[in-house]
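Data first, discussion second: the structure below is written as structure tokens.
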Amino acid sequence: MGQGTLSRRTLVAGMAVAGALGGIGRARPAGAAETIRIGFPTPVTGPFGAEAKDQVRSAELAIKQFNDAGGLDGRIAELLVRDDKLNPGEAATRTLELIEKDRAHFIVGALSSAVQLSVNEITRSRKVLYVSISQSDTINEAKDFSRTTFHEALNPHMTTAAVAKHTFKKGVKVAYLVADYAYGHEMLRGFKRAAAAIGAETAGEILHPFGAADYSTFMPRLRSMRPDILCICNFGRDQANSIKQANDFGLKKVARIVVPVLLHNQRLAAGPDAFEGVVGASNYYWRLEDTVPSAKAFNDAFRAAYGGAVPTDYGAYGYAAVRSLLMALKAAGSTDTGKVVDALETLKYDVAKGPEHYRACDHQAVQSVLVIEAKRKSEMASEADLFKILEVEPGSEAALRSCDELGHRA
């Protein structure tokens, strides 16, 4: 990815998006301390828009809490949101603009494997600290890593291992429906790796194009594989649409449906009947508040800020990433990149789901993985009561790919 230059049209479009979403253009009173600027590229338009907007709302809550607590010696923070349009080139342009034009001190964000790698290429070339909040195995690998790269999200290795542990058994036949881009391929690799360790068999696999509107041609082929488990590896609207069509074709009657990540917004979009009994992993579900004090505190703050609504899975990523960054900033007592990196590397934090920390070799957030199942309509106590928590796999460095496998040498 080249660094590129900004055309006048691109710059005007970017400023229009920024004005609509907040951040740029906020005037500071004369003599006020310089704000701490956190750039936030995410696809607020497009098929992942619902998840992106949740990221923004939760990130803004973290900013508000930091500012209400006095900021950093009176310096307040602001979030500069930019629409990356789920496009790596657009993301690179917006990130470069944030760094060079808007003088962002730090970057947080992204919601696509390819996009976050594009953002990371820009930030590491400029030595700007970046906290990614998109699932990816690649960003942890030595070839894409830098000292200023941090990854707060779960990764496909973690989620697929947790789901497979709960649903795969020796000898079961698993068929895979996979989105044909980085996210789908990484999830497929993770499931196959877990299946091999457990002794599950592959019945077959089908790749589908990203953003497919119709899955009807795939369903008879999947049924013909006679799987015990149908593993659907896609995201966003693709997940909702493919699960609905699998249900329409009766696949749920002959196979258990599992997904690597079971999404709050897509379960809402498709309704309880289509998703009933579907099992997947999640980084966060609001019912953690029943057992985890920090989840209760996060939920209560979110409810107070947003009219009683509860935070979602990808919202929690935005919150945890910005909160951990701001905690490190306070510990460093400075916006100096090197000092904040040092503080993040040693930070122990619990802001929404229990204890977390960033692993030394690759800056992956070590955190719990939830295995959840979509409830029947009759089981739901409220419209937000979407899932049962089947298991909480505790955070452990043993659950990650080893530093050596990722190419990090001691």
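Determine, yes or no, whether residue 238 is outside the structural domain of residue 52 (by TED's automatic domain parsing), touching a strand residue (DSSP E or B) at 6+ places or on another chain (Cβ under 6 Å), touching a residue at least 60 places away in the same chain (Cβ under 8 Å) and not aliphatic (A, V, I, L, M).
Spelling it out, residue 238 is indeed outside the structural domain of residue 52 (by TED's automatic domain parsing), touching a strand residue (DSSP E or B) at 6+ places or on another chain (Cβ under 6 Å), touching a residue at least 60 places away in the same chain (Cβ under 8 Å) and not aliphatic (A, V, I, L, M).
Please find, among 96, 86, the residue that is in contact with a Phe, Trp or Tyr (Cβ under 8 Å, 6 or more places away or on another chain), of a type outside the set (Gly, Ala, Ser) and open to solvent by less than 40 Å² (accessible area, probe 1.4 Å). Step through it out loud before you land on a result.
Numbers: 96 fails: in contact with a Phe, Trp or Tyr (Cβ under 8 Å, 6 or more places away or on another chain).
None of the others qualify; the one that does is 86.
Please determine whether any residue of the stretch 192-210 is in contact with a helix residue (DSSP H, G or I) (Cβ under 8 Å, 6 or more places away or on another chain) and modelled with pLDDT under 95.
Checked the stretch 192-210: at least one residue is in contact with a helix residue (DSSP H, G or I) (Cβ under 8 Å, 6 or more places away or on another chain) and modelled with pLDDT under 95.
Test residue 25 against the stated conditions and say whether it is farther than 23 Å from residue 130 by Cα, open to solvent by 20 Å² or more (accessible area, probe 1.4 Å) and modelled with pLDDT under 95.
no
Pick from 410, 399, 381, 365: which is at negative phi and touching a helix residue (DSSP H, G or I) at 6+ places or on another chain (Cβ under 7 Å)?
Values: 410 fails: touching a helix residue (DSSP H, G or I) at 6+ places or on another chain (Cβ under 7 Å); 381 fails: touching a helix residue (DSSP H, G or I) at 6+ places or on another chain (Cβ under 7 Å); 365 fails: touching a helix residue (DSSP H, G or I) at 6+ places or on another chain (Cβ under 7 Å).
Result of the check over 410, 399, 381, 365: 399.
Kindly evaluate residue 384 against the criterion of being within 24 Å of residue 57 (Cα to Cα), of a type in the set (A, V, I, L, M, F, W, C) and outside the structural domain of residue 64 (by TED's automatic domain parsing). So that I can check it myself, show each step before the final result.
Working: within 24 Å of residue 57 (Cα to Cα): yes; of a type in the set (A, V, I, L, M, F, W, C): yes; outside the structural domain of residue 64 (by TED's automatic domain parsing): yes.
Judged against the criteria, residue 384 is a match.
Mind checking which pairs have a first residue in the stretch 163-182 that is more than 13 Å from residue 207 (Cβ to Cβ) and outside the structural domain of residue 196 (by TED's automatic domain parsing) and a second that is aromatic (Phe, Trp, Tyr) and open to solvent by 10 Å² or more (accessible area, probe 1.4 Å), Cβ under 6 Å, 6 or more apart or different chains?
Close Cβ pairs (under 6 Å, with a partner that is aromatic (Phe, Trp, Tyr) and open to solvent by 10 Å² or more (accessible area, probe 1.4 Å)) do not exist here.
Can you tell me which residues in the stretch 118-139 are in contact (Cβ under 8 Å) with a residue 60 or more places away in the chain and open to solvent by 10 Å² or more (accessible area, probe 1.4 Å)?
121, 125, 127, 128
For the stretch 191-200, check the following and say yes or no: at least one residue is touching a His at 6+ places or on another chain (Cβ under 7 Å), of a type in the set (Val, Ile, Thr) and either more than 20 Å from residue 227 (Cβ to Cβ) or not assigned by TED's automatic domain parsing to the domain that holds residue 357 (or both). Full working, then the answer.
Let us first name the residues in the stretch 191-200 that are touching a His at 6+ places or on another chain (Cβ under 7 Å), namely none.
No, because not a single residue in the stretch 191-200 is touching a His at 6+ places or on another chain (Cβ under 7 Å), of a type in the set (Val, Ile, Thr) and either more than 20 Å from residue 227 (Cβ to Cβ) or not assigned by TED's automatic domain parsing to the domain that holds residue 357 (or both).
Kindly indicate whether residue 306 is among the aromatic types (Phe, Trp, Tyr), more than 25 Å from residue 192 (Cα to Cα) and open to solvent by less than 10 Å² (accessible area, probe 1.4 Å).
no
Which residue out of 147, 189 is surrounded by fewer than 18 Cβ atoms within 10 Å (Cβ to Cβ), modelled with pLDDT of 95 or more and more than 17 Å from residue 401 (Cα to Cα)?
Being surrounded by fewer than 18 Cβ atoms within 10 Å (Cβ to Cβ), modelled with pLDDT of 95 or more and more than 17 Å from residue 401 (Cα to Cα) holds for just one of 147, 189, which is 147.
So residue 65 passes all but one of these: (1) under 21 Å from residue 313 (Cα atoms); (2) touching a residue at least 40 places away in the same chain (Cβ under 8 Å); (3) crowded, with 24+ Cβ neighbours inside 10 Å. Which condition number does it fail?
In the conditions (1) under 21 Å from residue 313 (Cα atoms); (2) touching a residue at least 40 places away in the same chain (Cβ under 8 Å); (3) crowded, with 24+ Cβ neighbours inside 10 Å, residue 65 misses (3) alone.
Go through the stretch 180-210 and give me each residue that's in contact with a Gly (Cβ under 9 Å, 6 or more places away or on another chain) and under 23 Å from residue 236 (Cβ atoms).
Across the stretch 180-210, the qualifying residues are 207, 208, 210.
Within the stretch 216-237, which residues are within 21 Å of residue 156 (Cα to Cα) and open to solvent by 10 Å² or more (accessible area, probe 1.4 Å)?
Once the filter is applied, which keeps residues that are within 21 Å of residue 156 (Cα to Cα) and open to solvent by 10 Å² or more (accessible area, probe 1.4 Å), the stretch 216-237 yields only 237.
If you scan the stretch 52-89, which residues turn out to be in contact with a strand residue (DSSP E or B) (Cβ under 8 Å, 6 or more places away or on another chain) and either at pLDDT below 95 or closer than 19 Å to residue 135 by Cα (or both)?
If we filter the stretch 52-89 for residues that are in contact with a strand residue (DSSP E or B) (Cβ under 8 Å, 6 or more places away or on another chain), which is where we start, we get 52, 55-56, 59-60, 63, 66-67, 71-72, 75-84.
Those that are in contact with a strand residue (DSSP E or B) (Cβ under 8 Å, 6 or more places away or on another chain) and either at pLDDT below 95 or closer than 19 Å to residue 135 by Cα (or both): 52, 55, 56, 59, 83, 84.
Looking at residue 337 and the list (1) farther than 22 Å from residue 383 by Cβ; (2) in the same structural domain as residue 394 (by TED's automatic domain parsing); (3) surrounded by 17 or more Cβ atoms within 10 Å (Cβ to Cβ), which single condition is not satisfied?
Of (1) farther than 22 Å from residue 383 by Cβ; (2) in the same structural domain as residue 394 (by TED's automatic domain parsing); (3) surrounded by 17 or more Cβ atoms within 10 Å (Cβ to Cβ), only one is false for residue 337: (2).
Here is a yes/no grid of residues against (1) modelled with pLDDT of 95 or more; (2) of a type in the set (A, V, I, L, M, F, W, C):
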| residue | (1), (2) |
| --- | --- |
| 270 | no, yes |
| 281 | yes, yes |
| 310 | yes, yes |
| 320 | yes, yes |
| 323 | yes, no |
| 327 | yes, yes |
| 335 | yes, no |
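The values are calculated or read from the model by the stated rules, or taken from the named source; none is laboratory data. All of these numbers come straight from a predicted model, not from anything done at the bench. Cβ coordinates were reconstructed from backbone atoms using ideal geometry, including for glycine residues, and neighbour counts include every protein chain displayed. Accessible surface is based on the protein model in full, side chains and every heavy atom, while ligands, DNA and RNA are left aside. Shrake-Rupley method; radii C 1.70, N 1.55, O 1.52, S 1.80 Å.
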